[in-house]
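The values are calculated or read from the model by the stated rules, or taken from the named source; none is laboratory data. Note that the structure is a prediction, hence the values are computed from the model and not measured. Note that we place each Cβ from the backbone using ideal geometry, even for glycine, and neighbour counts take in every protein chain shown.
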Amino acid sequence: MSTKLIVGSSKGLIVFSEQTGRWDCISVQFEGLPVSMVYVDDRTNTWWVALSHRHWGEKLHCSTDEGQSWEEVVTPAYHDHFYRPGKPASLKKIWVIQHAGADRPGGLWLGTEPGGLFYSPDGKEFKLVESLWNHPSRLDPNQWFGAGKDYPFIHSIVLDPRDSRHLYIGVSCAGVFETHDHGKSWDAKNKGLVAAYLPNPTPEVGHDPHRMLLCPANPDVIWQQNHCGIFRTVNGGELWQDISGSTGFPKYGFALAIDEYDPETAWVIPAQSDEKRIPFNLKLTVCRTGDGGRTWKDIQDGLPNANAFDLVLRHAFVKKGELLAFGTNNGNLYTSHDSGSSWKVISKHLPMTNYLAFA
């Protein structure tokens, strides 16, 4: 069976297939349309795609036959809810979907901009999670606010494989929130994080995680690439530790991948800084740690080591076994078959890559 790599780009959905080390483009769908989200539900191999139509807004589609046909799903809506008093809420973007666990076979969580979390028990109709929308911190514009955008947005949803009632979400800008009761109540989990852009750099709420992932083999270990560094918790979010490089590199970035079995191993693709969102010293570099972030190794084998201007966005870096892949804003797509030790470019002429997923 071949491995498929699904690329959600600014100009369509592009599917690559790999056999015996060679990658070929096998289909292009939703041609010319910006793909804002891609998700493969590994329980059923259902593919989900969100599209950002310039005129019609967000649309949501799913496929049960690996993209041969698509069904449009009712787009999540805010109906009569208000973002702030006197300002009606409306869907700006679908950022992420995550299944709700093996014991909830049709259940799906969905994160959006402007900061609303939705849930569907069957993948047919999504309803706003009122408990989070009405959380006191979200109602405070000094705690939930836009991160380079007009609105906050939920981009990461991580489920505890031991208990489907237990999950975390990452919000830019607000931080990490946790529920133990399937979304009935929520607690902020941001102790140890830093918000250097605020007058008080250690608020309870107001942080900017860029990407958050949980280790399935040890769900108490969670990683995040944050606006203000790389952070890790080994106690389920009770305390985060800054594990950025001791010299200040790696630190800033968006992309993150973690090992499914080894809670000590992760990869990041750093940028130079918030102000300069380009590779450090114009060398495209993947950084790997095998000791929980105490040390980092720079990897450039197969990557451009001069005049590289690529930025890797938060959902454009994925891992499955020893296979890793990332796409860039300049249309370059790279894969590694040796856990990131070396890289090979498989396309140099794609549109901007927003999202990657293995199927």
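Answer yes or no: is there a residue in region 78-92 that is within 18 Å of PRO34 (Cβ to Cβ) and touching a residue at least 40 places away in the same chain (Cβ under 8 Å). Checked region 78-92: at least one residue is within 18 Å of PRO34 (Cβ to Cβ) and touching a residue at least 40 places away in the same chain (Cβ under 8 Å). With respect to being closer than 23 Å to SER27 by Cα and in contact with a strand residue (DSSP E or B) (Cβ under 9 Å, 6 or more places away or on another chain), TRP109 falls outside the description.
Return the total of residues in region 268-282 being part of a strand (DSSP E or B) and either more than 25 Å from GLY148 (Cβ to Cβ) or touching a Ser or Thr at 6+ places or on another chain (Cβ under 8 Å) (or both). Looking only at that region, the number is 2.
Of note, PHE177 does not satisfy the criterion of being crowded, with 17+ Cβ neighbours inside 10 Å, assigned to a strand (DSSP E or B), in contact with a Ser or Thr (Cβ under 8 Å, 6 or more places away or on another chain) and not basic (Lys, Arg).
On the stretch given as region 95-130, residues that are free of Cβ contacts under 8 Å to residues at least 60 places away in the same chain, outside any loop (DSSP other than H, G, I, E, B) and more than 26 Å from GLY148 (Cα to Cα) total 2. The residues of region 247-305 that are closer than 18 Å to LYS344 by Cβ and either without any contact (Cβ under 8 Å) to a residue 12 or more places away in the chain or among the basic types (Lys, Arg) (or both), listed by number, are LYS283, ARG288. How about region 12-40: which of its residues are among the acidic types (Asp, Glu) and either without any contact (Cβ under 8 Å) to a residue 12 or more places away in the chain or buried (at least 20 other Cβ atoms within 10 Å of the Cβ) (or both)? Within region 12-40, ASP24 is the sole residue that qualifies. Could we say that THR285 is more than 21 Å from VAL221 (Cα to Cα), at pLDDT 95 or above and out of contact with any Ser or Thr (no Cβ under 8 Å at 6 or more places or on another chain) here? Here the answer is yes, as THR285 does meet what is asked. Is there any pair with a first residue in region 224-240 that is in a strand (DSSP E or B) and a second that is modelled with pLDDT of 95 or more and of a type in the set (Lys, Arg) whose Cβ atoms are under 6 Å apart and which are 6 or more apart or on different chains, and what are they? Going by the 6 Å Cβ cut-off, the qualifying pairs are GLN225/ARG211; GLY229/LYS251.
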